[in-house]
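Student: Before I ask anything, here is the structure I am working with.
The values are calculated or read from the model by the stated rules, or taken from the named source; none is laboratory data. Values in this document were obtained by computation on a predicted structure and should not be read as measured data. Because the Cβ atoms are built from the backbone with ideal geometry, glycine has one as well, and the counts that use them run over all protein chains shown. Heads up: the accessible areas ignore ligands, DNA and RNA and are worked out on the full protein's heavy atoms, side chains in. Shrake-Rupley method; radii C 1.70, N 1.55, O 1.52, S 1.80 Å.
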Amino acid sequence: MNAPPKGQIQEQFLTLQELVEAARRNLPPGPWSYLVGGAETETTVRRNRLALDSIGFRPRVLRDVSKVDSSSAFLSRKVRLPVFLAPIGGLESIVEGGAAAAAQGAAAFGVPHMLSSVCQPGLEATAAAADTLRVFQLYVRGDDAWVDDHVRRALEHGYTAFCLTVDVAMYSRRERDLVGRFVKPWRATAPAGSSYQSGLSWSQVKRFKDKHSVPLILKGIATAEDAEIAVQHGVQVVYCSNHGGRQLDHGLGSAAVLPEIVKAVAGRADVWVDGGFMRGTDIVKAIALGAKAVGLGRLPCLALAAAGAPGLARALEILENEVQTCLGLLGVTSFAELTPRHVTAAPPVGEHDVFSAFPLLGEP
Ligand SMILES: Cc1cc2nc3c(=O)[nH]c(=O)nc-3n(C[C@H](O)[C@H](O)[C@H](O)COP(=O)(O)O)c2cc1C
């Protein structure tokens, strides 16, 4: 993949859609299917978009929006947008440099990067690659001592929070990968230990909280009931996610679940969300509904596949422009002014899939 020099990239990519088109051209069929696919019928993938498309805006006018500030706080640190790079395993099959390229793109723009434990070049080298605000996400593939060792290494390398992904008790059936015979490199080399993940229960969360003071994020909470239990265990962040529709099929769209989670948490922890977020308007909807931050999964991967770290930074710039446009048109000058009254249920229009945020894709 040839990343254009900085400067040209602003002219080359005027819209997010153009980055998606370039990614499609650059990626071979196996990595492409791995990236865009979901579990079984991919109903959860489509519901992520459907849920976002079923939210409409209630704009207010005549409120002087000549200056709009779209910055936010992420675990008490200032960030340029209320978004972060969600953890992506096997990114090295999508972009040269894997997680290092993602961290560099995130750093160039100014948003946090959450590193997956199953992504090359790994915890230490990714930390060395860029000066980002960073979080480490672990798939539990070993005993308590193994987990503790990852916490130690993460803290030693400047990761400011630790995330356990809890929606992977079973490894799902990703039929695009199966049909295409695509074997992810990390699956080929490190399949052992997944029974530890299947065996996880709230007692390990308790043990973690008793032993470690690093902020803990539980990723993959999809009901008010589990949000309540998470808060009772003292987690700092309840991360509402269905893994981008890649785990349980026939789940609900994340944006549809978010309100019940925000209500259950009731300000006792931060709520983050991901699943289908592709546009500035999507980000604004989540924050209006009470999320503190939005995880971006496939979108940064597509931007990286299009043009490496500069492509990712460019995608974030475009997203920022979209966010600011949306905030201004809603009559607010910052996220602090946004409330649930700015959104309402609305009939969705058109198709709902990974790419329905880009309706012009494929048109001349
Ligand atoms: C290619 C790919 C790899 C992923 N790998 C991980 C992972 O290693 N750990 C994890 O917690 N979630 C993983 N996820 C899920 C994302 O962190 C995130 O929850 C999801 O992609 C959000 O949905 P979106 O892609 O529609 O934005 C992965 C998602 C994709 C697309």
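Student: Roll a 1.4 angstrom probe over the protein heavy atoms and tell me the percent of accessible area of the chain that is carbon or sulfur.
Tutor: 54 percent
Student: Have a look at the chain and give its Rg and Dmax from the Cα atoms, expressed in angstrom.
Tutor: Considering the chain through its Cα atoms, Rg and Dmax are 19.2, 60 Å.
Student: Place a point 7 Å from the Cα of K67 along the Cα-to-Cβ direction; which residues of region 323-343 have their backbone N under 13 Å from it?
Tutor: Label zone hits: 333-334.
Student: Counting other C-beta atoms within 10 Å, and keeping those with at most 14, which DSSP coil trypsin sites (Lys or Arg not before Pro) do you find in region 91-174?
Tutor: Counting only loop positions with at most 14 other Cβ atoms within 10 Å, the trypsin sites (Lys or Arg not before Pro) in region 91-174 are R173.
Student: Per residue, how many Å² of accessible area does region 55-130 show with a 1.4 Å probe?
Tutor: Spelled out: the 1.4 Å probe surface of region 55-130, per residue, equals 42 Å².
Student: Can you send over the solvent-accessible area of T281, 1.4 Å probe, protein chains only, in Å² to the nearest 10?
Tutor: 50 Å²
Student: Kindly report, to the nearest 10 Å², the accessible surface of E124 as traced by a 1.4 Å probe over protein heavy atoms only.
Tutor: Near enough 70 Å² of accessible area.
Student: Where the centroid of each part is defined by its Cα atoms, how far is region 128-175 from region 232-267 in Å?
Tutor: The two parts, judged by their Cα centres, are 19 Å apart.
Student: Sticking with this structure for a sec: Amide H to amide H, which residues 5 or more places from Q120 or on other chains are under 5 Å from it, using H placed in the peptide plane?
Tutor: Hits under the 5 Å cutoff: G90, L91, E92, A99.
Student: Kindly report, to the nearest 10 Å², the accessible surface of L302 as traced by a 1.4 Å probe over protein heavy atoms only.
Tutor: Estimated to the nearest 10 Å², L302 gives 0 Å².
Student: To continue, here is another question. How would you classify region 33-189 from its alpha-carbon gyration tensor, with a ≥ b ≥ c the square roots of the eigenvalues: rounded for a/c under 1.5, else prolate if a/b is greater than b/c, otherwise oblate?
Tutor: Taking the square roots of the gyration eigenvalues as a ≥ b ≥ c, region 33-189 is oblate.
Student: Additional query: So between R58 and H250, what do we pick up on full extension, going 0.36 nm a residue minus the alpha carbon distance?
Tutor: 66.1 nm
Student: Here's something else I'd like to know. At 7 Å along the Cα-to-beta-carbon direction for both W202 and L178, put a label point, then send me their distance in nm to one decimal.
Tutor: 3.3 nm
Student: Using 0.36 nm times the number of residues separating Q8 and D144, minus their current alpha carbon distance, what extension gain do you get?
Tutor: Between Q8 and D144, full extension yields an extra 44.1 nm.
Student: For region 68-96 and region 299-326, what is the separation of their C-alpha centers, rounded to whole Å?
Tutor: 11 Å
Student: Full extension from T325 to A345: what is 0.36 nm times the residue separation minus their Cα-Cα distance, to one decimal in nm?
Tutor: 5.1 nm
Student: Excluding P340 itself, what net charge comes from residues whose Cβ is under 15 Å from its Cβ, given Lys and Arg +1 and Asp and Glu -1?
Tutor: Net charge around P340: +4.
Student: State, as an integer percentage, the relative contact order of the chain based on alpha-carbon contacts under 8 Å between residues 6 or more apart.
Tutor: Relative contact order comes out at 30 percent.
Student: Now for a different question. Please give the peptides 67-73, 241-247, 29-35 ranked by average Cβ packing (other Cβ atoms within 10 Å per residue), highest first, as a rough proxy for protection.
Tutor: In decreasing order of mean packing, 67-73, 241-247, 29-35 become 241-247, 29-35, 67-73.
Student: Counting Lys +1, Arg +1, Asp -1, Glu -1, what net charge surrounds D282 among other residues with beta carbon under 13 Å of its beta carbon?
Tutor: +1
Student: Under 12 Å from the Cβ of G295, count the other residues' Cβ atoms, weight Lys and Arg +1, Asp and Glu -1, and hand me the total.
Tutor: Here the count lands on +1.
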